[in-house]
Amino acid sequence: MRRKDREMGREFALNVVDKCEYAVISMVDPEGLPYCLPITIVRKDDLVYFHTAKEGFKIDVLTNDPHICMSCVSDTYRTPDKFTTEFESAIVRGTASEVTSDEEKIEALRLLCQRHTPTNMHEFDDAISKSLFRTGVWKLTIEDITGKRKKYDREGKEMKYGRTE
């Protein structure tokens, strides 16, 4: 990381993963070209789950090369008196694999739904019974994670080297 003064620890980075609205995964397609797309995620320990269709270009890319780099951003704020933005970010590198066990798929989907649509959980069991067979779930095993932050204190001074108020 070039800006070591903005680097944050592992727990901070995991927290960013946990609270970001969505993440962007980057991969390399079979022709060696970059490919990225936004996904909704949920983390359990050192696994990040996401749902997908069971076929398509993303699945072809992941099957060909399961290495992923994932970017997460949270708590952004455009400062009105500076030409900058406050942010928290995490970069995750790891290997993706398809979840094939129905039990693990249901657990991952439950966690995803609890995180992203908690007010609709009363419909979860019915939705699973209707669509589990056609829903793909993949997991990213976290192999490396870094966190970064740019934030200002109450006096307008940037909090570097992990300093908090």
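The values are calculated or read from the model by the stated rules, or taken from the named source; none is laboratory data. What you are looking at is a predicted structure, and each value in this text was computed from that prediction instead of being measured. No Cβ is skipped: glycine too gets one built from the backbone with ideal geometry, and neighbour counts run over all protein chains shown. Areas reflect the complete protein model, heavy atoms only, side chains present, ligands, DNA and RNA absent. Shrake-Rupley method; radii C 1.70, N 1.55, O 1.52, S 1.80 Å.
Which one, 67, 80, 52, projects farthest toward the positive side of the charge dipole computed for the chain from Cβ point charges (K/R +1, D/E -1)? Of the listed residues, the answer is 80. Within the assembled protein chains, the solvent-accessible surface assigned to residue 159 is about 10 Å², based on a 1.4 Å probe. The figure for residue 104 is an accessible area of roughly 40 square angstrom, using a 1.4 Å probe on the protein chains alone. Derived scalar couplings between HN and Hα for region 17-33 equal 4, 5, 10, 5, 5, 8, 10, 10, 9, 10, 9, 10, 6, x, 8, x, 9 Hz in order, rounded to whole Hz, by the Karplus curve 6.51 cos²θ - 1.76 cosθ + 1.60 (θ = phi - 60°), x for Gly and Pro. The solvent-accessible area of residue 125, taken with every protein chain present and a 1.4 Å probe, is close to 100 Å². By how many degrees, 0 to 90 and rounded to 10, does the Cα axis of helix 102-116 deviate from the longest principal axis of the chain? That helix lies at roughly 40 degrees to the long axis.
The overall shape of region 89-165 is oblate: from the C-alpha gyration tensor, with semi-axes ordered a ≥ b ≥ c, the ratio a/c is 1.5 or greater and a/b is no larger than b/c.
The loop-placed trypsin sites (Lys or Arg not before Pro) in region 80-136, going by DSSP, that have at most 12 neighbouring Cβ atoms within 10 Å of their Cβ come out as 82. Looking at region 1-71, the chymotrypsin sites (Phe, Trp or Tyr not before Pro) that sit in a DSSP loop and have at most 14 other Cβ atoms within 10 Å of their own Cβ are 22.
Remark on residue 99: its backbone amide H falls under 5 Å from those of 137, 138, 139, a criterion applied only to residues 5 or more positions apart or on other chains, H modelled at 1.01 Å from N. Distance between the pseudo-spin-label points of residue 75 and residue 116 (7 Å out from Cα toward the beta carbon): 2.3 nm.
Stokes-Einstein, applied to the Kirkwood radius of the chain over Cα pairs at a viscosity of 1.002 mPa s and 20 °C, places its translational diffusion at 124 µm² s⁻¹. Other residues lying with their Cβ under 12 Å from the Cβ of residue 49 contribute a combined charge of +1, Lys and Arg counting +1, Asp and Glu -1. Here the label points at residue 85 and residue 26, each 7 Å from Cα along the C-beta direction, are separated by 1.6 nm in the simple model. Say we join alpha carbon atoms closer than 10 Å with springs in a Gaussian network model of the chain; which of 150, 139, 44 then has the biggest fluctuation? For the chain, modelled as a Gaussian network with Cα springs under 10 Å, the answer is 44.
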